[in-house]
Each structure stands twice: as structure tokens, then as C-alpha cells.
Amino acid sequence: MQLVQASDYAIRAAVYLAERDSSSRKVSAQEIAEIQQIPLRFLLKIMGMLIKEGVVKSYRGPDGGYGLARRPEDITLLDIVEAIEGPVHFNRCTQAPELCNRGAAGYCKVHPVMKELDQEFKAVLNKYTLQDVAK
């Protein structure tokens with residue numbers, strides 16, 4: 001499994017906002033794009049997704065820009081990834097047993113391994129906040 005490029009960019013943009021104390025200083029999309037080397041048009045799309053999920057706020061006007069919608073210690077990497085990709089699962093069967101390709105989630109020998117991978121992956125992403133990463 002590999003996260004999509006948008007998730008990587010979203011994490012980098014959110015960490016940048018956390019580093020800049022965006023609660024008191026709004027950061028322009030242009031600044032984020034240049035410093036983080038993210039294509040501006042792609043960043044604007046990503047920021048829209050983060051706004052929709054309550055991770056980022058946008059501010060209009062000459063002093064406008066972006067800031068975090070919550071404190072950095074209240075936003076996990078899982079929040080950001082799922083804002084971009086939706087619920088993350090290693091395999092369809094870990095999302096819901098009825099999605100197993102073989103209809104065998106209850107007795108499949110691989111299912112417990114996939115379920116553990118799924119839980120561990122989410123646990124690691126949920127363990128780290130923007131504050132942790134921005135330090």
C-alpha cells in the first residue's frame with residue numbers, strides 16, 4: 001500500500017502551518033507551495049479538502065491565507081490522511097467482512113494479518129500529531 005501524493009503534500013502543508021503558528025499568522029498558498037515544493041494548483045485542491053474536513057481554515061482579504069482549524073496537538077496524521085483519502089484500509093475485508101473477495105473473512109487465514117496491519121498502520125498515524133512532527 002502506498003499513500004497518494006496528495007496525502008504527502010497535505011501532511012507537509014499542515015506541518016508547515018503548525019510550524020508557522022498559523023493561529024496568529026495566516027500563510028498564503030503561494031508561500032506554502034514555494035517552500036514545500038508543491039504545485040500551486042494541486043495545493044489549492046488539497047487545501048479545499050482539508051478545509052472541508054475541518055483541519056484547515058481559510059481567510060479572505062489582503063491579509064488572508066490559511067491556518068489550522070484546530071490546535072496542532074489536536075490534529076493527527078491520520079486526520080490528514082483520511083481527509084484526503086477517506087477511511088484507510090489495507091484490504092477491503094478489513095473495512096467490512098462482506099467485502100471479502102472470497103466471502104471468507106470469517107475463516108480466511110490471511111484476514112487476521114490484514115486486520116493487524118490495518119490497525120497498526122492507523123495506530124501509528126494516529127499516534128503522531130502535527131505538534132509532534134513540527135518540533
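Condition check for ARG70 on (1) in contact with a Ser or Thr (Cβ under 6 Å, 6 or more places away or on another chain); (2) under 17 Å from THR129 (Cβ atoms): one failure, at (1). Right, ALA29: touching a Leu at 6+ places or on another chain (Cβ under 7 Å) and either of a type in the set (Gly, Ala, Ser) or modelled with pLDDT under 95 (or both) or not? Taking the combined requirement at face value, the residue satisfies it.
Taking the conditions exactly as written (β-branched (Val, Ile, Thr), over 30 Å from VAL113 (Cα atoms) and either out of contact with any Ser or Thr (no Cβ under 6 Å at 6 or more places or on another chain) or in contact (Cβ under 8 Å) with a residue 60 or more places away in the chain (or both)), does VAL88 satisfy them or not? So VAL88 fails the test. Somewhere in region 37-47, is a residue buried (at least 19 other Cβ atoms within 10 Å of the Cβ), farther than 17 Å from GLN131 by Cα and modelled with pLDDT under 95? Taking every residue of region 37-47 in turn, none turns out to be buried (at least 19 other Cβ atoms within 10 Å of the Cβ), farther than 17 Å from GLN131 by Cα and modelled with pLDDT under 95.
The set of residues in region 2-56 being outside any helix (DSSP H, G or I), in contact (Cβ under 8 Å) with a residue 24 or more places away in the chain and of a type in the set (Ser, Thr, Tyr) consists of SER22, SER23, SER28. Only one of the numbered conditions (1) assigned to a helix (DSSP H, G or I); (2) surrounded by 12 or more Cβ atoms within 10 Å (Cβ to Cβ) is violated by ARG70, and that is (1).
When the test is whether a residue is out of contact with any His (no Cβ under 7 Å at 6 or more places or on another chain) and surrounded by 13 or more Cβ atoms within 10 Å (Cβ to Cβ), GLU98 does not pass it.
The values are calculated or read from the model by the stated rules, or taken from the named source; none is laboratory data. Computed from a prediction, not measured in an experiment: that's the story for all the values here. As a convention, Cβ positions derive from the backbone with ideal geometry for all residues, glycine included, and neighbour counts pool all protein chains shown.
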